[in-house]
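Bear in mind that the values in this text are calculations on the coordinates, not laboratory data. Every value quoted in this text rests on a predicted model; they were computed, and no experiment measured them. In this analysis, Cβ positions are derived from the backbone assuming ideal geometry, glycine residues included, and neighbour counts consider all displayed protein chains.
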Amino acid sequence: MITEENIKSITCGILFNPSFKLLDYWGEIADDILYNSEQFPEKFFTDIGSNYANEHIIRNEETEDYIKINQNNIIFRQKINNKFDKEYELFHDRVVHCLVPNIVSDYNLVVRRIGIVYICKLSEQEIRDFSSLYFKPEIKNILDFRFSKKYPARTSIWHGKEDFINKIITVGSITDKINGVSYDYQHHFIPPQADIRDVINKVFEQGKTAFSKDVVSGINGAGE
């Protein structure tokens, strides 16, 4: 049976139309996050990465938390320390009340996709239980696989839009340290949206519900 202790990290990625001016403001963006943000406490990040031409990063090498920014992506990764509900709320607030208004909105980024990735550490038996949801009983010992499911966004965020949801599920060796499941919930905006402040909460809510249904309930139900 898996619990919140299995969840090791959450990542939010925001894909937007290419912005060739964004990286020119990297110093200002980094200063605001490191020194002027209510959502990110002092020393949450401990290192500013090398100033690559096409990507910048602030990170904490111990926790492996980071924010990466390039010409069409903002990616924020946060470690979970066995207190999922509390740390999920902090993660949510850091995206919704800091990164979205202070970067996406302030720099007029036109958003194409929001993705939320949950990383869960599982035992070999739990991976087998999860595999049994997708393969016939006679097909055993499949411990590494990846697939995606795409469908229209049934709950309309904007009237008359053609948004769709894509779920990417990876099972097996997720990182050098973790075997388990990576669950990537993606909301694609069609057409791309210039302001996501009114919808970001809904995407978070739908992503969390989908993860709970597809992964947590799925594995626990299969293992009974």
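Of everything in segment 166-182 that is free of Cβ contacts under 8 Å to residues at least 24 places away in the same chain and of a type outside the set (S, T, N, Q), the residue that is nearest to Y107 (Cα to Cα) is I168.
Residues of segment 17-45 that are over 25 Å from T63 (Cα atoms) and in contact with a Leu (Cβ under 8 Å, 6 or more places away or on another chain): N17, S19, L22.
For segment 38-74, the candidate set comprises residues that are among the charged types (D, E, K, R) and under 21 Å from D106 (Cα atoms); within that set, the residue that is nearest to the chain's Cα centre (by Cα) is K68.
Within segment 1-37, being touching a residue at least 24 places away in the same chain (Cβ under 8 Å), over 21 Å from L109 (Cα atoms) and either touching a Ser or Thr at 6+ places or on another chain (Cβ under 6 Å) or not basic (K, R) (or both) holds for M1, I2, E4, E5, N6, I7, S9, I10, L34.
Answer yes if at least one residue in segment 19-27 is surrounded by 12 or more Cβ atoms within 10 Å (Cβ to Cβ) and within 19 Å of the chain's Cα centre (by Cα), and no otherwise. No: segment 19-27 contains no residue that is surrounded by 12 or more Cβ atoms within 10 Å (Cβ to Cβ) and within 19 Å of the chain's Cα centre (by Cα).
The set of residues in segment 38-48 being touching a strand residue (DSSP E or B) at 6+ places or on another chain (Cβ under 7 Å) and either without any contact (Cβ under 8 Å) to a residue 12 or more places away in the chain or of a type in the set (F, W, Y) (or both) consists of F44, F45. Restricting attention to segment 215-224 and to residues that are part of a helix (DSSP H, G or I) and small (G, A, S), the residue that is nearest to E126 (Cα to Cα) turns out to be A222.
Residues of segment 183-214 that are in contact (Cβ under 8 Å) with a residue 40 or more places away in the chain, part of a helix (DSSP H, G or I) and over 17 Å from Y151 (Cβ atoms): I200, N201, F204, K208. In segment 110-133, the residues that are surrounded by fewer than 20 Cβ atoms within 10 Å (Cβ to Cβ) reach residues that are part of a strand (DSSP E or B) and basic (K, R) with C-beta atoms within less than 6 angstrom, at least six apart or across chains, in these pairs: K121/K8.
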